[in-house]
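S.K.: Questions regarding the structure given below will be posed in turn.
Every read-out reported here was derived from the displayed coordinates using simple, explicitly stated rules and does not represent laboratory data. As the structure is a prediction and not an experimental result, all values here were calculated from the model. In this analysis, Cβ positions are derived from the backbone assuming ideal geometry, glycine residues included, and neighbour counts consider all displayed protein chains.
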Amino acid sequence: MKQIFVKAGIYTLVSIVVSVGLCAAILAWMGSSLDSFAIVLSAGCPLVLAFPLSFHSLRQQQKLERAHAELAIAHAALAEQARHDDLTGLLNRSAFIAAVNSTQSMPVRGSLLLIDADDFKTINDTYGHVVGVQAVCIIAQIIKDVLAASDLKARVGGDEFGVFFPMLSLNDAGDKAERIRRAVELAEFRPKQGERIPLSVSIGVIPVEPGATFTEIMEAADQQLYEAKGKGRNAIAYPQPKAA
């Protein structure tokens, strides 16, 4: 508010100077001179008109700028919200695809985990959908707790999660996968203070090859996830090294 008063005052002063100067010039051209009445008249009109008009205009401009700033913040918040899964707070599938695809031209891309909750249908059928939703949220929270904020974590399906580690080797990604698997296995999941429901996940770990599309990446990850399930679940699978 103080800045508006100062600016309005400056605009008013400039208007007075211009008005008095013009009045003096006109009187001089007419062969007369500037007297006290002319000074008061030429200065009074800008004083009466310029200050309130300038103040009102600056005040409206300030409100408009503030509204634009609030709108920009709200738009950014909505855009960020649209990138995340409502249930878990992880990235949604579309945002995850975009993030992985943004590295397609990089010579070294990193590694990816495809994580699937074991026996999720059994949990739903035995304990109900609400408990199933809670199980998904528990696993999502474990993934967030175990991994760094910079790791790209997403819910890519109902009970399926994806994690992309830019520039991370397959072995290091496997270590992170084991930390997730172990943390889920040890989770104390007791909905409604009842019996402990055991949770586990199977994880496929793959290197993300340069130029590979998201579909190709997910097909490779799904193959490793299938291998992990074939080990009896609660397991991790890697691609086998190619023979020399």
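S.K.: Explain nothing, just compute: Karplus ³J(HN,Hα) = 6.51 cos²θ - 1.76 cosθ + 1.60, θ = phi - 60°, for every residue of the range 92-97 in order, whole Hz, x for Gly and Pro.
M.R.: 8, 4, 4, 5, 5, 4
S.K.: Something else now. Can you tell me which of 159-167, 131-139 comes out highest on packing, and rank the rest after it, using the mean Cβ neighbours within 10 Å? Spell out each step's value before the answer.
M.R.: Details: 159-167: 21.4, 131-139: 19.2.
Peptide ranking by packing, descending: 159-167, 131-139.
S.K.: Just subtract the alpha-carbon distance of T122 and R233 from 0.36 nm times their residue separation and send over the number in nm, one decimal.
M.R.: On the way: separation 111, 0.36 × 111 = 39.96 nm, distance 1.38 nm.
Difference between extended and current length: 38.6 nm.
S.K.: In terms of the ratio Rg/(2.2 N^0.38 Å) built on C-alpha atoms, what value belongs to the range 93-237? List each step's numbers first, then the result.
M.R.: Details: Rg = 15.1 Å, N = 145, 2.2 N^0.38 = 14.6 Å.
In units of the globular-protein estimate, the range 93-237 measures up at 1.04.
S.K.: Using the basic label-point model (7 angstrom from Cα toward the beta carbon), what is the A149 to N171 distance in nanometres?
M.R.: Calculated label separation equals 3.0 nm.
S.K.: While we're here: For the pair E178/D86, report the inter-label distance in nm, with labels modelled 7 Å from Cα in the Cβ direction.
M.R.: Simple spin-label model gives 4.0 nm for this pair.
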